[in-house]
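Notes for the one structure printed next.
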Amino acid sequence: MSKIRVWHDNKGPAAGWHLESIDVKDEIMDETFRFPCDRWLAKNEDDGQIMRELACANHDFLDLNEKTKYEIATTTADTDDAETKENVWIVLEGRKGRSKEFVIENSSKKKKFQRGTTDTIDFSCKNLGEIASICLGHATKDGKKVKTESFWHVQEVVVTEKELGNKFIFRCDAQIPLSSKKQDAMTFECSKSQESFASKVRSLVPVKYEIIIITGDEKGSGTDANVFITIYGSNGDSGKRALQQKFRNLFERGHTDRFLVEMLDLGELQRVMMEHDNSSSSSGWLLDRVEVTNTANGVTTIFLCGKWLDTEKADGQIQRVLYPKY
């Protein structure tokens with residue numbers, strides 16, 4: 001569990017709420033996830049927001065004192081003489097440390113390292129961080145000296161950090177000699193890494209976005225309906241957000257309206273969805289454009305529209321997906 005979204009409906013005479021934190025308990029795993037807030041969800045306090053996205057405090061990093069589970073998948077090449085009946089050992093080299101030697105045992109009952117097959121085992125050790133390289137060795141099962149020359153042809157090794165789902169891919173395509181000497185082992189650099197979405201979310205921080213809405217300058221361009229925005233980025237989406245301000249008549253003809261909204265960093269913005277609920281007799285709206293600025297880095301993304309959101313005009317749509325202007 002990496003983040004939660006909490007909000008209220010702002011109903012009642014005392015709707016403002018100061019939220020200290022939220023605890024979510026997983027009773028099966030006997031784990032508690034804490035989401036600190038210490039902010040107001042109130043129209044008349046703080047930044048006026050009644051929705052907050054909270055990042056998990058006690059699971060945004062891995063405890064280096066606890067063991068991390070890794071899944072190791074080895075693929076043997078699909079060629080003649082690629083397989084081996086002997087054992088294989090592996091050492092993981094990470095940015096934060098090096099694992100001990102782990103022996104992947106072969107046996108007549110559970111045969112491993114057969115031609116063209118992938119064998120998967122689990123391995124636990126201290127957290128190593130990003131896996132940069134692996135060392136592969138090929139050794140006899142009984143520990144005796146090697147009498148005849150023999151090789152294991154490994155095609156690929158994939159190491160997966162099971163808690164987060166991060167993958168580290170090693171394209172080996174090499175023949176590992178059967179040897180009792182450690183210096184005959186072979187080292188491979190990581191060819192490709194795949195960071196999981198869960199891992200990305202854990203490292204995200206709350207960011208304030210300034211949203212600027214420009215209404216068109218034609219007769220009847222303004223709307224009295226409730227307007228909503230959903231922002232999509234490389235790190236996820238904002239969820240459907242109502243664009244509201246107290247004591248202001250928003251989205252009038254030729255006007256510019258500004259909103260400040262806090263959410264977890266969305267990364268590079270990919271699109272926005274603009275919509276209204278058609279709740280008024282004057283719901284039709286000519287939206288000129290939307291500008292979204294990440295106030296943390298000052299990057300502004302412009303989304304052009306120039307279309308009606310009106311059941312009575314053009315294509316009758318009251319929802320538009322807009323893409324960045326490049």
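The values are calculated or read from the model by the stated rules, or taken from the named source; none is laboratory data. Quick caveat, the model's predicted, so the values are computed rather than measured. In this analysis, Cβ positions are derived from the backbone assuming ideal geometry, glycine residues included, and neighbour counts consider all displayed protein chains.
Out of D46, D63, which single residue is in a loop (DSSP other than H, G, I, E, B), on the phi > 0 side of the Ramachandran plot and modelled with pLDDT under 90?
Checking each option against the conditions leaves just D46.
Can you pull out the residues in the range 187-203 that are at pLDDT 90 or above and either among the small types (G, A, S) or within 19 Å of K85 (Cα to Cα) (or both)?
S191
Test E163 against the stated conditions and say whether it is in contact with a strand residue (DSSP E or B) (Cβ under 8 Å, 6 or more places away or on another chain), part of a loop (DSSP other than H, G, I, E, B), surrounded by 15 or more Cβ atoms within 10 Å (Cβ to Cβ) and at pLDDT below 95.
Against the criterion (in contact with a strand residue (DSSP E or B) (Cβ under 8 Å, 6 or more places away or on another chain), part of a loop (DSSP other than H, G, I, E, B), surrounded by 15 or more Cβ atoms within 10 Å (Cβ to Cβ) and at pLDDT below 95), E163 qualifies.
It is to be established whether one or more residues within the range 30-41 are part of a loop (DSSP other than H, G, I, E, B), modelled with pLDDT of 85 or more and not assigned by TED's automatic domain parsing to the domain that holds K240.
Taking every residue of the range 30-41 in turn, none turns out to be part of a loop (DSSP other than H, G, I, E, B), modelled with pLDDT of 85 or more and not assigned by TED's automatic domain parsing to the domain that holds K240.
If we keep just the residues of the range 96-125 that are surrounded by fewer than 18 Cβ atoms within 10 Å (Cβ to Cβ) and basic (K, R), which is farthest from T160 (Cα to Cα)?
Looking at the filtered set, the residue picked out is K109.
Scan the strands (runs of 3 or more DSSP E) fully inside the range 208-326 and keep the ones with 3 or more residues being surrounded by 17 or more Cβ atoms within 10 Å (Cβ to Cβ) and touching a strand residue (DSSP E or B) at 6+ places or on another chain (Cβ under 9 Å).
227-233, 256-264, 269-276, 285-294, 299-309
Can you tell me which residue among E86, E93, E53 is surrounded by 16 or more Cβ atoms within 10 Å (Cβ to Cβ) and either closer than 30 Å to I231 by Cα or of a type in the set (S, T, N, Q) (or both)?
Just one listed residue meets the conditions, E53.
So, of the residues in the range 166-186 that are touching a residue at least 12 places away in the same chain (Cβ under 8 Å) and loosely packed, with under 14 Cβ neighbours inside 10 Å, which turns out to be nearest to E86 (Cα to Cα)?
Going through the qualifying residues, I end up with S180.
Please indicate, with yes or no, whether at least one residue in the range 7-28 is surrounded by 14 or more Cβ atoms within 10 Å (Cβ to Cβ), of a type in the set (A, V, I, L, M, F, W, C) and in a loop (DSSP other than H, G, I, E, B).
Checked against the condition, which is being surrounded by 14 or more Cβ atoms within 10 Å (Cβ to Cβ), of a type in the set (A, V, I, L, M, F, W, C) and in a loop (DSSP other than H, G, I, E, B), the range 7-28 yields at least one hit.
Outside any loop (DSSP other than H, G, I, E, B) and of a type in the set (V, I, T): is that true of I90 in this structure?
yes
Kindly evaluate F247 against the criterion of being among the hydrophobic types (A, V, I, L, M, F, W, C), touching a residue at least 24 places away in the same chain (Cβ under 8 Å) and in the same structural domain as S280 (by TED's automatic domain parsing).
So F247 does not fit the description; no.
Please verify whether V158 is closer than 20 Å to D78 by Cβ, in contact with a strand residue (DSSP E or B) (Cβ under 9 Å, 6 or more places away or on another chain) and surrounded by 16 or more Cβ atoms within 10 Å (Cβ to Cβ), treating the condition exactly as stated.
Considered against the rule, which asks whether it is closer than 20 Å to D78 by Cβ, in contact with a strand residue (DSSP E or B) (Cβ under 9 Å, 6 or more places away or on another chain) and surrounded by 16 or more Cβ atoms within 10 Å (Cβ to Cβ), V158 comes out as yes.
For the range 37-50, which positions are surrounded by fewer than 18 Cβ atoms within 10 Å (Cβ to Cβ), without any contact (Cβ under 8 Å) to a residue 24 or more places away in the chain and either farther than 28 Å from P13 by Cβ or touching a Lys or Arg at 6+ places or on another chain (Cβ under 9 Å) (or both)?
D46
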